[in-house]
Amino acid sequence: MDSPLKFQEQSKGFSFESVFDKQAGFPKEFLWPDLVSAQQELSEPPVDLEGFFKGDDEATKQAANIIKDACLSHGFFQVINHGVDPDIIRDAENYMDHFFMLPAPEKLKARRKPGSLCGYSGAHADRYASKLPWKETLSFRYHENSSDPVVLDFFKSILGKDFEETGMIYQKYCEAMMDLSFAILELLAISLGVDRKIYRKFFEDGYSILRCNLYPPCQEPGNTLGTGPHCDSNSITILHQDQVGGLEIFTDSVWQTIPPLKGALIINIGDTFTVGRRLYIL
């Protein structure tokens, strides 16, 4: 499981630029046998948060009910009018593209160290030797119980002063997503009929991981996956999906796509919250 990619030494890291320099044809390390395509779209109403933010009790109740139905069924829902400035999302996308377009040696300056959750990873090649995901990732932590701008400091310390503006953009992005996550937690509490502030209080000293994923063009997309089947082990995930789409979930015994919805963010209830919720109710 921990052996490095055969066509590149672990100490040198990995980047997609090197894949086809090392072997001809489709690399077998990326092969996912017996892939099953999604058979239908997930049809769920979006959760409109505008009334919640305005203090409208009826709109808040309606949003909580939609969330409750989604969580009892599969744990995914999309939110609109979520309060995150679209300019911040656009800037985050642009700066992500800028990072992934860097030459491989520059990206590898941020290479994730063994055992760390933060840094750059090409296809998780430092962790697995087969069924590699066709993607590159950049991950970093955020928490607000500190006077230090932790995201900004990460970019400056790892990639240098030239990435100070990048760090500032992602600092703002993380702050906006944290505000949204507390709103979602409050609605989850309302949907369960418990004190609406209970989860906000519980998670206010926690930290988050922001992960930027790039799925490069692939000449044989039917043979591989950008991200393999998995469950999120965290509490909640907020996902910004671009208009290319590709997200699929397994529910009702079939794979279903979640089509991109302009201006929406996708919320996924993770294993930790699910277990904690059950224990609390019992």
Qualifying residue in region 72-92 (condition: more than 28 Å from P221 (Cβ to Cβ), without any contact (Cβ under 8 Å) to a residue 40 or more places away in the chain and hydroxyl-bearing (S, T, Y)): no
Filtered residues of region 228-272 (kept if among the hydroxyl-bearing types (S, T, Y) and within 11 Å of the chain's Cα centre (by Cα)): T237
Residue count, region 34-53 (criterion: touching a Phe, Trp or Tyr at 6+ places or on another chain (Cβ under 8 Å) and either part of a loop (DSSP other than H, G, I, E, B) or free of Cβ contacts under 8 Å to residues at least 12 places away in the same chain (or both)): 7
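To keep it simple, each residue is scored yes or no on (1) outside any loop (DSSP other than H, G, I, E, B); (2) touching a Pro at 6+ places or on another chain (Cβ under 7 Å); (3) of a type in the set (G, A, S); (4) closer than 30 Å to F26 by Cα.
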site	(1), (2), (3), (4)
Y120	yes, no, no, yes
K131	no, no, no, yes
V151	yes, no, no, no
F163	yes, no, no, no
T166	yes, no, no, no
Q171	yes, yes, no, no
L188	yes, no, no, no
Y199	yes, no, no, no
P217	no, no, no, yes
Region 37-67, subset at pLDDT below 90 and either surrounded by 16 or more Cβ atoms within 10 Å (Cβ to Cβ) or of a type outside the set (S, T, Y) (or both), residue nearest to F182 (Cα to Cα): E44
Qualifying residue in region 90-106 (condition: within 19 Å of the chain's Cα centre (by Cα), among the polar types (S, T, N, Q) and assigned to a helix (DSSP H, G or I)): yes
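If you take the residues of region 54-89 that are assigned to a loop (DSSP other than H, G, I, E, B) and closer than 18 Å to I258 by Cβ, which of them is nearest to the chain's Cα centre (by Cα)?
Across region 54-89, the extreme among qualifying residues is G75.
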Boolean, I88 is among the β-branched types (V, I, T) and touching a Phe, Trp or Tyr at 6+ places or on another chain (Cβ under 9 Å): yes
Residue that is farthest from E93 (Cα to Cα) [pool: residues in region 223-251 that are in contact (Cβ under 8 Å) with a residue 60 or more places away in the chain and not in a strand (DSSP E or B)]: N223
Enumeration of residues in region 119-133 that are modelled with pLDDT under 90 and at negative phi: S121, G122, A125, D126, R127, Y128, A129, S130, L132, P133
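Does any residue of region 190-211 turn out to be among the acidic types (D, E) and at pLDDT 85 or above?
For region 190-211, residues among the acidic types (D, E) and at pLDDT 85 or above: present.
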Hey, R141 touching a helix residue (DSSP H, G or I) at 6+ places or on another chain (Cβ under 7 Å) and without any contact (Cβ under 8 Å) to a residue 12 or more places away in the chain or not: no
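The values are calculated or read from the model by the stated rules, or taken from the named source; none is laboratory data. Treat the numbers as computed from the prediction; the structure is a model and nothing was measured. Cβ atoms come from the backbone with ideal geometry, glycine included; neighbour counts cover every protein chain shown.
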